[in-house]
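Working notes, structure below.
The values are calculated or read from the model by the stated rules, or taken from the named source; none is laboratory data. Since the structure is predicted, the reported quantities are computational estimates derived from the model, not experimental observations. For neighbour counting, all protein chains shown are included, and Cβ atoms are generated from backbone atoms with ideal geometry for every residue, glycine included.
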């Protein structure tokens, strides 16, 4: 048995052949260059964790200037608007049960008098807790409004409510808590994962179906050379797609980039290589475009959305799933993206995510080469 040494020129020749194939295939170009920008802009605007114009039912039994100023503070924010309810309703829970409002503000009689006498006024807030995610946001909004009410209005009137501890909250890295600043860097992870795994899995699977792969197998190229040659053009396409996503994030959504560009580029290339290797492995196993599509969705799309920290915080997951996410490249790249965009991170701050991407990428590339070699031997 003759053992051939790895030759980069053979990988380069295969890469050149793959480039010609990509240039003749408009579908691949559209998927690689148009869809990432389209998805970034569409989902960047569509996905919004902020709630606005939440219907507020007001039950004001005090009917005083202070009570009116209190609920006007809610209305003057961008989060609440007065719900149109029957004025004869006296039960503050009815608007919630009838889906007429998400929150009821109950101001009791004597509210202003208690406040003026220094006893401390009390109002009740009832929140629809059927949807716990929206309920948590509403409670956060209410806390912020009440804090602002105490600081701005009461102090302006010379009234200082009794308190033992003073606390000021300041949000770092995303001062306005803008959803797009959190969503779009995460979207780049999801889009690049789907793009990378689909490009290679479908393209190579098509070659198995059409029989062109058989011609490639008859060449002197080794499995590692074939795999690397197949990956190189798609690494470039993935890098271009990443650049377009970055431009959309900066120009369309105005998201700052405060970290190291070198770290971000290196992490992006590693991440793209991870999912290209995964796509090649899938194509070698499937050899069928339909099966490859299904496997790509299961391996790339679902984990990158549900288990990467894109929507659900990894810290809040069960212990098993927190450990399981460690084998997903998307989890580590998500950390790098958000840290580079918002936290000013560099290589020194991201040693663990980089090490994880290198280890996972090496494993996936080796698995693809071994599987391809086994296919050749058969």
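Restricting the search to segment 350-373, which residues are surrounded by fewer than 21 Cβ atoms within 10 Å (Cβ to Cβ), within 23 Å of the chain's Cα centre (by Cα) and in contact (Cβ under 8 Å) with a residue 40 or more places away in the chain? Those that are surrounded by fewer than 21 Cβ atoms within 10 Å (Cβ to Cβ), within 23 Å of the chain's Cα centre (by Cα) and in contact (Cβ under 8 Å) with a residue 40 or more places away in the chain: 354, 358.
Inspection of segment 318-326 finds no residue satisfying the criterion of being crowded, with 21+ Cβ neighbours inside 10 Å, in the same structural domain as residue 189 (by TED's automatic domain parsing) and touching a residue at least 24 places away in the same chain (Cβ under 8 Å).
Residues checked against (1) crowded, with 17+ Cβ neighbours inside 10 Å; (2) touching a strand residue (DSSP E or B) at 6+ places or on another chain (Cβ under 8 Å); (3) free of Cβ contacts under 8 Å to residues at least 60 places away in the same chain:
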{"residue": "243", "(1), (2), (3)": "no, no, yes"}
{"residue": "272", "(1), (2), (3)": "yes, no, no"}
{"residue": "310", "(1), (2), (3)": "yes, no, no"}
{"residue": "331", "(1), (2), (3)": "yes, no, yes"}
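When residue 90 is tested against the conditions (1) in contact (Cβ under 8 Å) with a residue 12 or more places away in the chain; (2) loosely packed, with under 13 Cβ neighbours inside 10 Å; (3) under 34 Å from the mean Cα position of the chain (by Cα), the lone failure is (3).
Within segment 16-26, none of the residues are under 37 Å from the mean Cα position of the chain (by Cα), over 30 Å from residue 222 (Cα atoms), without any contact (Cβ under 8 Å) to a residue 24 or more places away in the chain and in the same structural domain as residue 236 (by TED's automatic domain parsing). Screening residue 35 with (1) assigned to a helix (DSSP H, G or I); (2) farther than 20 Å from residue 219 by Cβ; (3) at pLDDT 85 or above gives one miss only, at (3).
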